[in-house]
Amino acid sequence: MVRVSVVCCLKLLLLLALGGVTMHVPDAGVLAPLGPLRLDGHLSFHDVAAAARDFGNRCSLMPAAVLHPGSVADVAAAVRRVFQLGERSPLTVAARGHGHSLLGQSQTAGGIVVRMESLGGGAMMRVHAGADAPAYVDAPGGALWINVLHETLKHGLAPKSWTDYLHLTVGGTLSNAGVSGQAFRQGPQVSNVNQLEIVTGRGDVVTCSPDENSDLFYGALGGLGQFGIITRARIALQPAPKMVRWIRVLYSDFASFTEDQEALISADETFDYIEGFVIINRTGILNNWRTSFKPQDPVQASHFQSDGKVLYCLEMTKNFDPEEADIMEQEVGVLLSRLRYIQSTLFHTDVTYLEFLDRVHSSELKLRAQGLWEVPHPWLNLLIPRSTIHRFATEVFGNILKDSNNGPILLYPVNRSKWDNRTSVVIPEEEIFYLVGFLSSAPSASGHGSVDHAVSLNDKILDFCDKAGVGMKQYLAPYTTQQQWKAHFGARWETFERRKHMYDPLAILAPGQRIFAKASLPMSS
């Protein structure tokens, strides 16, 4: 009975604050009259449990309400009202895209979750494909990248840079970085944005670009939602190919694997997408290195054995149109001739551009059918300088990890020069650095497939990096104290903190990142 009363009281307080009702609340005193908050959408309470879950499935912060905005004005009005309530109010606001955060970053305890996908309809997208200026699409912050792709392909265009998984929102990936195998030549997604519309922590709607309100523009890109909610983004486009030659090869030598990758990302004439995977399988039999990859393989594909060695898979694509297939074949042949992979492991297939970009979704559907998608995902994503990647690999793949059966291990290089250093994203200082992603799933409660096991391995990797001076930076960092965040940002912390005080002075936004706490709430340090 007491629990129900507390929940009802929370809902009542929210309705008072956001709906403008004036009435007495038991043990809460008399609240001053508040003007009504007129919404095109609506507030709901029945779906708060769903808003307290995310892809990581390891953290659950229960909000008091969920806002389903019908317009950008709804987002601004809600944030503005919370700002007007002042620092004594415990209310915070978390923008939730597709809920793909790993440790509650899109959640808020007792606050308001803004369901950004309510603003993601295709009718709200505008593609500019005229000859008078470079092509772009204006996309809502809540639009899924897969829907942006569908819309731009109608005009024969597509964004330049992607994430591996397209069922994420525009605002969500731009608040982090947005990295995939195109980043070595196009940069991450945050390097391919021309303009943003942002609702700040004061409830102001601000249009910003490199030339207009540039401090907010660069701060919000990779800013972890700390300075505003991205409600619209103008994304650069380029002509979209119709087809993709999709290639995978294996290496047994790490030095050859990394040297070939680095040569490819540094060349003028190269592939359009380059990623690498680490395969640790002590049993010697490989049966999953081509998951979601369906070429017409020779017989030896199903019989290839690793002899218990750690192997490295290089994945590449070459874009082409059907009428240029012969040219593509020649170009691919020249590029492959320069690589030192195991010759018997060359497999390739031709798929549409859409099929390749949406490849992870096919795997998702299979995992969902097996009940293996909505399980904990204790992922660890690191950015490792080129100068220490060999030392890192020797210890982590040679000693700490015994297998990679619970999820893929990504490892591929990118060029720092393609990343705009004015954004909030923190990366290693060297020109070439590696993205290393341990994308573990934890389908069981104990043993090898448990969260505890995966987290223990992650901790060992992080401990090694710290003691060995690897110089890594975490991507999608799950830090829980401000001291950790200060160390993460280093010399850039002062700028990050200044922007927070300027654009979200009450620390209303993105409390799940655990960087700043609202004045009325405690914060670890």
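The values are calculated or read from the model by the stated rules, or taken from the named source; none is laboratory data. None of the values given here were measured: they were computed from a predicted structure. For neighbour counting, all protein chains shown are included, and Cβ atoms are generated from backbone atoms with ideal geometry for every residue, glycine included.
Only residues that are in contact with a Leu (Cβ under 8 Å, 6 or more places away or on another chain) and part of a loop (DSSP other than H, G, I, E, B): list them for the stretch 50-75, please.
Residues satisfying the conditions are Ala52, Asp54, Phe55, Gly56, Arg58, Cys59, Ala64, Pro69, Gly70, Ser71.
Yes or no, residue by residue, for (1) among the hydroxyl-bearing types (Ser, Thr, Tyr); (2) modelled with pLDDT of 95 or more; (3) in the same structural domain as Trp162 (by TED's automatic domain parsing):
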| position | (1), (2), (3) |
| --- | --- |
| Ile400 | no, yes, no |
| Asp403 | no, no, no |
| Val425 | no, yes, no |
| Glu431 | no, yes, no |
| Pro443 | no, no, no |
| Gly449 | no, no, no |
| Asp452 | no, yes, no |
| Ser456 | yes, yes, no |
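Looking only at the stretch 395-433, how many residues end up being more than 30 Å from Ser214 (Cβ to Cβ) and either touching a residue at least 40 places away in the same chain (Cβ under 8 Å) or aliphatic (A, V, I, L, M) (or both)?
16
Scanning the stretch 462-491 for residues that are surrounded by 14 or more Cβ atoms within 10 Å (Cβ to Cβ) and basic (Lys, Arg), which turns out nearest to Asn399 (Cα to Cα)?
That would be Lys473.
Out of all the residues in the stretch 330-348, which are surrounded by 13 or more Cβ atoms within 10 Å (Cβ to Cβ) and within 19 Å of Ile279 (Cβ to Cβ)?
Leu339, Arg340, Tyr341, Ile342, Thr345, Leu346, Phe347, His348
Tell me which helices (runs of 4 or more DSSP H) are completely within the stretch 427-525 and hold 2 or more residues being closer than 30 Å to Gly86 by Cβ, or say none if there are none.
482-489, 493-503
Listed residues Gly156, Gly120; which is in contact with a strand residue (DSSP E or B) (Cβ under 8 Å, 6 or more places away or on another chain) and modelled with pLDDT under 95?
Criteria check complete, one pass: Gly120.
Is at least one residue of the stretch 383-392 in contact (Cβ under 8 Å) with a residue 40 or more places away in the chain, outside the structural domain of Arg53 (by TED's automatic domain parsing), surrounded by fewer than 16 Cβ atoms within 10 Å (Cβ to Cβ) and of a type in the set (S, T, N, Q)?
Yes; the residues of the stretch 383-392 include at least one that is in contact (Cβ under 8 Å) with a residue 40 or more places away in the chain, outside the structural domain of Arg53 (by TED's automatic domain parsing), surrounded by fewer than 16 Cβ atoms within 10 Å (Cβ to Cβ) and of a type in the set (S, T, N, Q).
Could you please find all residues in the stretch 422-434 being buried (at least 21 other Cβ atoms within 10 Å of the Cβ) and out of contact with any strand residue (DSSP E or B) (no Cβ under 6 Å at 6 or more places or on another chain)?
Thr423, Ser424, Val425
In this structure, is Gly110 touching a Cys at 6+ places or on another chain (Cβ under 7 Å) and not in a strand (DSSP E or B)?
Answer is no for this residue.
Could you check how many residues of the stretch 407-426 are touching a Leu at 6+ places or on another chain (Cβ under 9 Å) and part of a loop (DSSP other than H, G, I, E, B)?
8
Pairs under 8 Å by beta carbon, first residue at negative phi in the stretch 58-84, partner in a loop (DSSP other than H, G, I, E, B) and among the polar types (S, T, N, Q), six or more apart or different chains?
Cys59/Gln107; Ser60/Gln107; Leu61/Gln107; Leu61/Thr108; Pro63/Gln107; Pro63/Thr108; Val82/Ser89; Val82/Thr92
So which residues in the stretch 336-383 are closer than 30 Å to Val451 by Cα, touching a helix residue (DSSP H, G or I) at 6+ places or on another chain (Cβ under 7 Å) and not in a helix (DSSP H, G or I)?
Correct list: Asp358, Trp373, Pro376, Pro378, Leu380.
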